[in-house]
1. Let me check something: with ligands and nucleic acids excluded, how do Ser294, Ser345 order by accessible area (1.4 Å probe), largest to smallest?
2. Write down Rg/Rh for the stretch 323-382, rounded to two decimals, with Rg from the C-alpha atoms and Rh from the Kirkwood relation over Cα pairs.
3. Can you tell me which of Thr288, Thr72, Thr360 moves the most in a GNM of the chain? Springs connect C-alpha atoms under 10 Å apart.
4. Once you place label points 7 Å from the Cα toward the Cβ at Arg276 and Trp97, how far apart are they in nm?
5. Please count, across the chain, the pairs of lysine residues with Cα atoms under 25 Å apart that sit 8 or more places apart or on different chains.
6. What share of all Cα pairs of the stretch 119-243, in percent, falls into each consecutive 10 Å distance bin?
7. Cα atoms only: what Rg and Dmax, in Å, come out for the stretch 278-388?
8. Given contacts defined as C-alpha pairs under 8 Å and at least six residues apart, what's the relative contact order of the stretch 43-381, whole-number percent?
Amino acid sequence: MMLRRWIATGVVAVATVGVLNAVPAAADRPYDPAAQTLRTLGLRHGLYIGTAVDMAALNDPADPRYREILRTEFSSATAENVMKWEALEPNRGSYDWGPADQFVAAAQRNGQRIRGHVLVWHNQLPGWLTTGVEDGSIGTAELREILRRHVTTVVKRYRGKIWQWDVVNEAVSDPWDTPSTLHYKGFWARHLGPGYIADAFRWARAADPTALLFYNDYNIEAFGSGDPADDKTQFVYDMAKGLLAQGVPIDGVGSQGHLGTQYGNVDTLQVADALRRFARLGLATAFTEVDVRSRMTDGVQAGDPEEINPRLQASAANFHVLLQACLAEPRCLSFTVWGFTDRHSWVPGWFDDPPEGLATIYDEDYQPKRAYQVMKADLIYAGPPYVLPRVAPKPRR
Ligand code: G3I
């Protein structure tokens, strides 16, 4: 019975791909896939190609290329900063919706699906909140109520407009933290205990029954030892499984995908295996913040091609690994890059000793890099039987 259902699903899927992949042939206008955008090529697989959006760039009248590439190449958008708590509620009780509303309106005008980022995170919290907790003027019960109100207020405001919400972000430590045994880290776990994670998903679901609710983290591209004491992917997997067992409405796990060419990194089969294991829990997955940074050595900064080219190649290879793995897993719904041009990337401002950069798919002058071409080729040459249309989950109640 199960087998028959799988076969039937496969036949429908292959037929659908056949339709999606139908080439608009015309004798005088040969179809040129390389002339298509990432956006249109991704949608052949039902895969949304997204980017983080920098509002300063979006609003810069002198930077029209930013808006043009954003509109043409991407079918999904994430606010890089303006939906974070410090931006939304800089003063207690008074929300500044302006920039977030503008972001949502721009994405809607562009016909893009929106990833909401982020409801609960330990970074970019408003000063009044962290100070109040530190000086004891905000106690535990009040803090939990403040969090409930924040999640509810923000999700309700954008109800029906958000495709995927990053409900909880980066809740788990890394092996280099103290203690090195993986644990729930940061402001929220410290003050409320790990139960805040289940609470946040429940509050978000109550405020919007239609959005897909995600847990989002970095360094979870592949499984390691399998021991949750030092394997972050395993820890997150166990957490997601535990939440599901408690009936918590979590719909997906987002893997950020911040990689660097100086690291060994991972291969496609390992990454595809990790996505498949989350999918078998009944969860959607997504790559949510992909970029691949490199060391900006003196040679790179001086423009030495012998130093630059290997980095561009290695960067492209890493984008390829993540995108190919996502294509191979029908429950991997979207592939979002964390900024698309080196002109506007968080990397140089963050990693400055030693300096790092070159992390995105277009250079500072909006020339597509090798990574862009590799992504395009991945989207062009993928198809059945290993790449099938996406399977979107129903939001869990
Ligand atoms: O808003 C202030 C502004 O008022 C001030 O004048 C200016 C001066 O430095 O700083 C502005 O804040 C900056 C903020 O971005 C908004 O632009 C911060 O300095 C800067 O540190 C902050 O960086 C952001 C970072 O998150 C903060 O944690 C990056 O742009 C953003 O790309 C990055 O994104 C995170 C994801 O949300 C979660 N995953 C990791 C990822 C990369 O760190």
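The values are calculated or read from the model by the stated rules, or taken from the named source; none is laboratory data. Here the structure is a predicted model, which means the values were calculated and not measured. Ideal geometry is used to build each Cβ from the backbone, glycine not excepted, and the neighbour counts take in all protein chains shown. For the accessible areas, the whole protein counts, side chains as well, though only heavy atoms, and no ligand, DNA or RNA atoms are used. Shrake-Rupley method; radii C 1.70, N 1.55, O 1.52, S 1.80 Å.
1. Values: Ser294 0, Ser345 30 Å².
Result of the area sort, largest leading: Ser345, Ser294.
2. Details: Rg = 13.6 Å, Rh = 12.8 Å.
A ratio of 1.06.
3. Taking springs between Cα atoms under 10 Å, the residue moving most is Thr72.
4. Each label point lies 7 Å from its Cα, and together they span 4.5 nm.
5. 10
6. 12, 41, 33, 13, 0
7. Over the stretch 278-388's Cα set, Rg and Dmax evaluate to 15.5, 49 Å.
8. Working: 617 pairs, mean separation 52.1, N = 339.
The normalised contact order for the stretch 43-381 reaches 15 percent.
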